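Worksheet for the structure shown next.
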Amino acid sequence: MQTFLHLEKVRFFSKLIFIFLVVIISVIAFLPNYDKLPEVVSISGVINHFVAFLVLAFFLDNGYKLTTKSAFLLLFAYGFFIEFVQYFLPNRCFELLDLVVDMSGVGVFYILKRVMKF
């Protein structure tokens, strides 16, 4: 019983963190002056996208009972939504490479999950 309660707490906090991350990532993604962010935030577009979606996949997987395919499709839709909105923003554009890197982060998470069996 105590293990079940512990798992439910982990699942609850994973959901909260996932939602928080989606909000933060969305705010950053929709900023028109991304180049003016502190260097800590704008390290490298490729690294930012890869790590962001790897971490999103982790918390999505721990917070929600989705199949790998459903989680991948949901995160693909989110990544596509970000790129779609950026197409209409000044100083931003739709970049297919960003979407590929996003999905690479998700893919690496699920490969690691399978290999490490966690």
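Return yes when residue 14 is polar (S, T, N, Q), closer than 20 Å to residue 114 by Cα, surrounded by 13 or more Cβ atoms within 10 Å (Cβ to Cβ) and at pLDDT 95 or above and no when it is not. The answer is yes for residue 14.
Conditions (1) without any contact (Cβ under 8 Å) to a residue 12 or more places away in the chain; (2) under 11 Å from residue 57 (Cβ atoms); (3) hydrophobic (A, V, I, L, M, F, W, C), marked per residue:
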position	(1), (2), (3)
82	no, no, yes
85	no, no, yes
90	no, no, no
95	no, no, no
99	no, no, yes
103	no, yes, yes
109	no, yes, yes
114	yes, no, no
117	yes, no, no
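Scanning the range 59-118 for residues that are among the aromatic types (Phe, Trp, Tyr), surrounded by 11 or more Cβ atoms within 10 Å (Cβ to Cβ) and not in a helix (DSSP H, G or I) gives 64, 94. A single member of 28, 43 is at pLDDT below 95 and under 19 Å from residue 94 (Cα atoms), and it is 28.
One residue alone among 59, 81, 72, 88 is modelled with pLDDT under 95 and either under 13 Å from the mean Cα position of the chain (by Cα) or aromatic (Phe, Trp, Tyr) (or both), and that residue is 88.
The values are calculated or read from the model by the stated rules, or taken from the named source; none is laboratory data. Because the structure is a prediction, the values reported are computed rather than measured. Here Cβ is always computed from backbone atoms with ideal geometry, including for glycine, and neighbour counts include all displayed protein chains.
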